[in-house]
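S.K.: Got a structure for you, written out below as structure tokens; questions coming shortly.
The values are calculated or read from the model by the stated rules, or taken from the named source; none is laboratory data. In this text the structure is predicted, and so the values were computed from the model without any measurement. Counting neighbours? That spans all protein chains shown, and the Cβs are built from the backbone with ideal geometry, glycine included. When the accessible area is computed, the model is the full protein with side chains, heavy atoms only, and any ligands, DNA or RNA have been set aside. Shrake-Rupley method; radii C 1.70, N 1.55, O 1.52, S 1.80 Å.
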Amino acid sequence: LIISTSRSEIPAGQPQLSADQELFLPVPGEIALDNDWKLAAKHVDVSADIARGNSDPWTAYVDVPQAGELVIRTRLPGETMQPLGLNGHSSTLQDIMVNRKLALRLRDRWPLVATSDQVIWLVGHNIDHRARLTSESKAVIKLTCRRTEE
């Protein structure tokens with residue numbers, strides 16, 4: 001239960017970005033998010049089988065060819081992604097957030113990881129199908145989102 005007098009107040013306990021904030025995440029590297037969360041990226045040598053066995057929603061293994069820089073930002077109006085498990089079919093981030101029961105007050109400031117042309121991870125929820133690991137994956141990036149004190 002959250003009681004607040006201001007809709008603009010950042011809800012405690014969840015990773016959030018300030019409105020219209022866009023941060024570049026180097027690989028390897030780490031950036032701070034609001035509410036004492038951090039998001040980190042590093043190259044790892046891990047197989048697709050190990051990544052499929054990952055049960056931690058705050059850790060994602062992605063294959064991002066020609067990654068350059070990763071961008072941490074919030075959703076754009078009408079933006080879509082191809083959630084892992086939908087065989088390449090697209091869905092709007094709005095629909096994904098509703099289906100994942102992400103509270104309305106969190107959605108506009110929820111962080112996502114993207115490249116210049118696509119969302120690759122809705123933090124804590126979905127990896128994009130195009131960024132999944134396959135047996136041919138060479139440049140695997142491990143993304144983790146954690147509370148600063150963890």
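S.K.: Regarding the stretch 47-111, what are the three Cα extents along the principal axes, ordered largest first, in Å?
M.R.: Here the Cα extents, ordered largest to smallest, are 36, 27, 23 Å.
S.K.: In addition: Rounded to the nearest 20 Debye, what is the dipole magnitude of the stretch 63-150 about its Cα centre when Lys and Arg each give +1 and Asp and Glu each give -1 at the C-beta?
M.R.: It comes to approximately 320 debye.
S.K.: In Å, what Rg and Dmax follow from the Cα atoms of the stretch 15-94?
M.R.: Both quantities, over Cα of the stretch 15-94: 14.1, 37 Å.
S.K.: Here's a follow-up. Between the alpha-carbon centers of the stretch 60-96 and the stretch 16-37, tell me the distance in whole angstrom.
M.R.: If you average the Cα positions of each part, the centres end up 17 Å apart.
S.K.: In the stretch 100-137, whose amide N lies under 12 Å from the spot 7 Å out along Cα-to-Cβ of SER47? List them in ranges.
M.R.: Within reach of a label on SER47, which here means backbone N under 12 Å from a point 7 Å along Cα→Cβ, the stretch 100-137 contributes 135.
S.K.: Keeping all protein chains in the complex and leaving out DNA, RNA and ligands, what accessible area do you get for LEU133 with a 1.4 Å probe, in Å² to the nearest 10?
M.R.: The accessible area comes out at roughly 20 Å².
S.K.: I've got another one for you. Using +1 at the Cβ of each Lys and Arg and -1 at the Cβ of each Asp and Glu in the stretch 44-150, identify which of TYR61, ASN87, TRP110 lies farthest towards the dipole's positive end.
M.R.: So the residue we want is TRP110.
S.K.: Ok, one more. Taking a cut-off of 18 Å between Cα atoms, list the lysines near LYS42, but don't count ones fewer than 8 places away on the same chain.
M.R.: LYS138, LYS142
S.K.: From the protein chains alone at 1.4 Å, what is the descending order of accessible area for VAL98, VAL27, largest first?
M.R.: VAL98, VAL27
S.K.: Next up: Nothing charged except the Cβ atoms of Lys and Arg (+1) and of Asp and Glu (-1): what's the magnitude of the dipole of the chain about its Cα centre? Round to the nearest 20 debye. It would help to have the intermediate numbers written out before the result.
M.R.: On the way: 17 positive and 19 negative charges, 68 e Å.
Roughly 320 debye, rounded to the nearest 20.
S.K.: Over 21 Å, how big is the tail of the calculated P(r) for the chain, in percent of all Cα pairs?
M.R.: Here the long-distance tail beyond 21 Å is 42 percent of all Cα pairs in the chain.
S.K.: Still on this structure, I have one more. How large a share of the accessible area of the chain, in percent, is made up of carbon and sulfur atoms when the probe is 1.4 Å and the other protein chains stay in place?
M.R.: C and S atoms contribute 49 percent here.
S.K.: Over the stretch 24-123, with the other protein chains present, what is the accessible area per residue in square angstrom, probe 1.4 angstrom?
M.R.: Details: 5270 Å² over 100 residues.
On a per-residue basis, 53 Å².
S.K.: To continue, here is another question. Loop-only trypsin sites (Lys or Arg not before Pro) in the stretch 45-141, please: DSSP not H, G, I, E or B, and at most 16 other Cβ atoms within 10 Å.
M.R.: ARG100, LYS101, LYS138
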